[in-house]
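Any read-out appearing in this document is the output of simple, stated calculations on the displayed coordinates, not a laboratory observation. All of these numbers come straight from a predicted model, not from anything done at the bench. Because the Cβ atoms are built from the backbone with ideal geometry, glycine has one as well, and the counts that use them run over all protein chains shown.
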Amino acid sequence: MTVVLAAHGTRNPHGVAMIGDLAAAMSRRLEETVRVAFVDVLGPSPSDVLAALPDDEQVVVVPAFLARGYHVRADLPAHLAAAWHPRTVLTTALGPSPALADAASGRLREAGYRPGDTVVFAAAGSSDRHAVTDVRRAATRLESVLGTAVTIGFAAPPAGSAYPGIADAVRRARRRPGRVAIASYLLADGLFQRRLADSGADLVAAPLGLHPRVVDLACRRVLAAQQRHADRLSPSRG
């Protein structure tokens, strides 16, 4: 079996390396080959990777996305259709998942978060209603983990965005006393994480990246897909 970890893509070498490190961590845990593909910015694309694999190879594609936006619901299925690999299974995206709230909380505490800090939950940004719903759900889960209210800001807010840009979100958070802390809801380093760093917050959590809960979640997506595939192939029991 081959696993394809399909991420967005970034020109930031550190961000690319983080996705590669996540794939390597998955490979060690699963004891399977895990390849990396990108749907935007750079290659190889998912269709490129799939086209290079033997037709009899079982392939599991894991969308390395934290919400069910356009790339998950349209781009990835289009890549799979273009490659036409006969034994490919597409898993659900990494998010939304309670595991990501745990990872975001862990990263926030690593950055120096203290009770009483005002928290801004920073996501990439999307006009897709499914993605916005997922971000709102993830922020609510983080509120539950931290035991405090959080506000939402987008690193790249689209026109008519449901939430403000991250710099505006930080300025609004300044109306409350105490420090402003950003919980990063990004998977890897890159342009959007730099925008968080430049937003004026007192502390900014690192991307979720290789947090143990993220690695575990990605592996569980693969194992669940394998089980679904096995169930479909097994004879029905009367």
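Residues whose amide H falls under 5 Å from that of residue 4, counting only those 5 or more places apart or on a different chain, are 35, 60, 61, 62, with hydrogens built in the peptide plane.
From helices alone, the chain scores -13000 deg cm²/dmol at 222 nm; the rule is -39500 (n - 2.57) for each run of n ≥ 4 DSSP H residues, then divide by the residue total.
Positive-end ranking of 37, 119, 1 along the dipole of the chain, with charges on Cβ about the Cα centre, is headed by 119. Comparing region 32-170 with the 2.2 N^0.38 Å rule of thumb, its C-alpha radius of gyration ratio is 1.23 (two decimals).
Between 207, 164, 115, the Gaussian network model of the chain with springs among Cα atoms under 10 angstrom shows the greatest mean-square fluctuation at 115. Peptides 195-205, 23-33, 144-154, ordered by how many other C-beta atoms sit within 10 Å of their residues on average, highest first, read 195-205, 144-154, 23-33. Note on the chain: with charges restricted to the Cβ of Lys and Arg (+1) and Asp and Glu (-1), its dipole about the Cα centre is near 900 debye. Could you identify which residue out of 105, 127, 184 has the top mean-square fluctuation in a GNM of the chain using Cα springs shorter than 10 Å? Its mean-square fluctuation being the largest, the pick is 127. Once divided by 2.2 N^0.38 Å, the Cα radius of gyration of the chain becomes 1.05.
If you take the alpha carbon atoms of region 98-204 and fit the smallest convex hull around them, that volume is 89 Å³ per residue. Working from label points 7 Å from Cα in the Cα-to-Cβ sense, the residue 82 to residue 33 distance is 2.2 nm. A Förster radius of 41 Å, combined with the Cβ-Cβ distance separating residue 11 from residue 92, puts the computed FRET efficiency at roughly 0.90.
With R₀ fixed at 22 Å, the C-beta to C-beta distance from residue 133 to residue 159 puts the FRET efficiency at about 0.70.
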